[in-house]
Amino acid sequence: MHKVSIFDTTLRDGEQAPGFSMGVDEKIKMAIQLEKLNVDVIEAGFPISSEGDFNAVAEISRKVKGPEIAGLARASEKDIARAWEALKNSPHPRIHTFIATSPIHMKYKLKMEPDEVYERAIKAVKFARKFTDNIEFSAEDATRSEPEFLIRILNGVIKAGARIVNIPDTVGYTTPEEFSKLILFIKSRIKDAVISVHCHNDLGLASANSLAAIKSGARQVECTINGIGERAGNAALEEIVMALKTRKRSFQCTTEIDTTQLYPTSRLLSSITGVEVQPNKAIVGKNAFAHEAGIHQDGILKKQSTYEIMKPADIGLPSNSLVLGKHSGRHAFRTRINALGYEFTRPQLNTLFAKFKRLADKKKEIYDADLEELITEEFYRVNQMYHFESANFAGGSDMIPVATVQIKINKKSYKEVGYGDGAVDAVYNAIKKMTKKNCRLVHFHISSITKGSDAQGKVTVQIEEDGKEATGQSTHTDIVIASARAFVQALNRLDMKNRLR
Ligand code: KIV
Ligand code: ZN
C-alpha cells in the first residue's frame with residue numbers, strides 16, 4: 001500500500017472562488033477542523049494577495065501544529081519573502097511557489113519567453129530554499145504545456161531544491177486517460193521529488209483525473225472540501241478519500257484521513273460560507289445516503305450493502321435516511337414509525353399506512369413532522385395537553401429580549417414572562433416555565449415558503465427530554481409566532497409519547 005498525502009486547498013483555491021470568502025476567524029475555525037480531519041497539508045492562503053490572507057496564514061501557522069501549513073507565492077522574491085513571513089511560526093511550514101508553463105499563458109499572460117520562465121522558476125526556488133527545505137513548485141497549466149519543456153523546468157526546480165512538484169490541470173481540460181499518461185511520462189523522467197496533482201472541475205472530471213494520476217504514481221493530491229474552488233471548483237477531497245478507501249484493492253493506496261470527520265467538515269464549511277452542497281453531491285450531499293424507492297428501502301432494511309457501498313458512519317453520518325415518499329413500502333414506514341418512538345397494533349398501522357399513502361400522493365417528501373401530524377390527527381388530537389394562545393415580545397440592540405406568552409395547559413390558561421438571547425429564546429423560556437419542562441432544543445430550522453419580506457416562515461423544531469424526541473412544525477408570517485406554535489406542538493407530541501408508555 002502506498003500513502004497518498006492530502007493537500008487541502010479549501011482555504012486558498014477554495015476561498016478565492018466567488019461566494020466563498022472567509023474572515024480570519026472563520027479560516028482558523030476551518031483549519032482546526034481540517035487538523036481534526038487529519039489532512040497532511042493545509043494551504044492556508046496566498047499571503048501577498050491581501051492583509052487578511054497574510055493574517056490568516058500567520059494565525060493558522062501559530063495555532064495549528066499537526067499538519068504542514070503551506071502559503072502560496074508567485075515565482076518572485078517579494079511574494080516568497082511575504083509568504084515566509086506568514087509561515088515562519090509553523091512547526092511545519094511549506095512554501096508553494098508557481099509559474100505558468102503553457103505556451104498560451106507564457107505568451108499572453110506572462111509575456112515571457114520559455115527560457116525566462118525557466119530562469120524565473122529556478123531563481124524562485126533557490127530563494128525559497130534560504131528559508132526552508134520544504135518547497136513545492138507548481139507548473140501552472142501543466143496539462144497544456146509542452147511535455148519536454150515541463151520536464152526541463154521540473155528537473156531544474158528539483159535540482160534547485162523543490163521537494164514536491166505539482167502538476168495542475170488549471171483549466172480542467174485533461175481527461176483521465178491523458179492525465180494518467182502524462183503522470184507516467186513525468187515519473188519516468190524525473191527523480192527525487194514527490195509528484196503532486198491539482199485538478200479543476202470544468203468538465204466534471206477533477207476527481208476522476210486525480211484518481212487516474214494516483215494510479216500512475218502521484219503521491220500527493222490537492223483538493224478542497226465540497227469541491228469548492230475557482231470556476232467549477234477543485235477535486236473534492238471527500239470523493240478522492242472515499243474512492244481510495246472504498247476501492248482500496250484497485251488503487252493500492254491509502255490516506256491518513258479520519259473519514260468520520262468528512263461530514264462534519266463539509267457541514268462546517270457550508271455553515272461558514274452559507275453555501276449548501278447540492279443534494280446529490282457524492283459523499284456529503286443530503287441525498288448521498290438517502291433512499292426513497294420502495295425496493296431500495298426494503299433492500300437496505302434487510303441488508304445495508306444491497307444499495308450502499310459505504311457506511312454512513314464511515315463519513316460521520318449517524319445513519320442513512322430513508323426518505324419516505326410515494327414509493328415507500330410498509331416495511332420502511334413501520335421502521336420509521338418505530339424509530340420515532342411509536343408502537344402500534346397491526347390494524348392501527350394499516351390505518352396509518354393508508355393515510356400516509358394518500359398524503360404521499362400529494363406531497364413529494366414525507367418528513368418526521370408529517371408522520372407525527374398523521375399520528376396526532378388519528379389518535380390524539382382531541383385530548384392535547386397544551387394549546388398556544390398568544391405571545392407578545394420586545395427586543396432590540398439595547399434591551400434584553402422579553403416575551404409574555406399565554407398557553408392553555410389541560411384547558412386552563414396560564415401567562416408567563418420569559419427573557420432570552422432573542423425573541424424566540426424568550427418565548428421558549430416562558431413556555432418552559434409554565435409547562436415545567438426541561439427539554440433540550442435539538443434542532444431549529446426556519447425556511448421561507450413564499451417570497452418577499454412578508455413571506456410565510458416555516459419553523460421546524462426538534463426537542464428532547466429523557467431520551468425521547470419529538471418534532472413540531474408551524475407556518476406563520478411572524479417567525480416568532482411560528483416558533484412558539486412549533487414548540488408547543490413538539491411538547492404535545494412529547495407528552496403523547498410519554499402517555500404511550
Ligand atoms: O490551478 C492552479 O494552477 C493553481 C496553482 C496555483 C497551483 O491553483
Ligand atoms: Zn487551482
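Since every read-out is calculated from the coordinates, none of them should be taken as a lab result. None of these values were measured; they are calculated from a predicted model. Quick reminder, even Gly has a Cβ in these numbers, built from the backbone with ideal geometry, and neighbours come from all protein chains shown.
Couple of notes before you dig in:
- Using the Cβ of Lys362 as centre and a radius below 15 Å, the other residues enclosed give a net charge of +1, where K and R count +1 and D and E count -1.
- Whole-number percent relative contact order across segment 290-379, with pairs defined as alpha carbons under 8 Å at least 6 apart: 29 percent
- Taking the Cα centre of segment 15-129 as reference, the dipole from Cβ charges on Lys and Arg (+1) and Asp and Glu (-1) amounts to some 200 debye.
- The DSSP beta bridges internal to the chain are antiparallel in roughly 50% of cases.
- Here the chain is treated with +1 on each Lys and Arg Cβ and -1 on each Asp and Glu Cβ, and its dipole about the Cα centre works out to around 1540 debye.
- Dimensionless Rg/Rh of the chain - Kirkwood Rh, Rg from C-alpha atoms: 1.08
- Annotation for segment 167-262: GluC sites (Glu not before Pro) lying in DSSP loop with at most 16 further Cβ atoms inside 10 Å of their Cβ are Glu256.
- Where a label projected 7 Å from the Cα of Gln278 along Cα→Cβ would reach, residues of segment 288-328 with amide N under 15 Å: 288
- The order of His198, His331, going from fewest to most other C-beta atoms within 10 Å of their C-beta, is His331, His198.
- In terms of Cα atoms, the Rg and Dmax of segment 5-61 work out to 10.4, 29 Å.
- Against the compact-protein benchmark of 2.2 N^0.38 Å, the Cα-based radius of gyration of segment 3-273 scales to 0.92.
- Beta bridges by DSSP in segment 3-273, antiparallel share as percent, to the nearest 5: 5 percent
- 0 to 90° range, to nearest 10: angle between helix 114-128 axis and the chain longest Cα axis: 70 degrees
- For segment 259-342, size of Cβ-based charge dipole, Lys and Arg +1, Asp and Glu -1, in debye: 240 debye
- Loop-located trypsin sites (Lys or Arg not before Pro) across segment 41-120 with a Cβ neighbour count of 10 or fewer within 10 Å are Lys111, with loop assigned by DSSP.
- Out-of-range pairs (alpha-carbon distance over 22 Å; input Lys63/Lys245; Lys215/Lys245; Lys78/Lys123; Lys302/Lys468; Lys36/Lys215): Lys63/Lys245; Lys302/Lys468; Lys36/Lys215
- Furthest towards positive pole of dipole, Ser90, Ile295, Val39, structure part the chain, Cβ charges: Ile295
- Backbone amide hydrogens, once placed in the peptide plane, bring Glu140 within less than 5 Å of Ile99, Ala100, Thr101, excluding anything fewer than 5 places away on its chain.
- Furthest towards positive pole of dipole, His198, Pro168, Ser328, structure part the chain, Cβ charges: Ser328
- Against the empirical 2.2 N^0.38 Å (N residues), segment 290-379 has a Cα radius of gyration ratio of 1.10.
- The convex hull drawn around the Cα atoms of segment 386-500, when projected onto a plane and averaged over every direction, covers 7.2 nm².
- Cross-link partners of Lys326 among lysines, defined as those whose alpha carbon lies under 17 angstrom from its own and excluding same-chain residues fewer than eight positions apart: Lys355, Lys357, Lys362, Lys363, Lys364.
- For the chain, the residue among Leu352, Asn392, Phe137 whose Cα projects farthest onto the positive side of the dipole built from Cβ charges is Leu352.
- Footprinting exposure proxy for Ser413, Ser102 (fewest neighbouring C-beta atoms within 10 Å first): Ser413, Ser102
- Under the criterion of Cα pairs below 8 Å and six or more residues apart, the relative contact order for segment 342-501 equals 16 percent.
- Once C-alpha pairs closer than 8 Å and six or more residues apart are averaged by separation and normalised to the residue number of segment 3-273, the relative contact order reads 21 percent.
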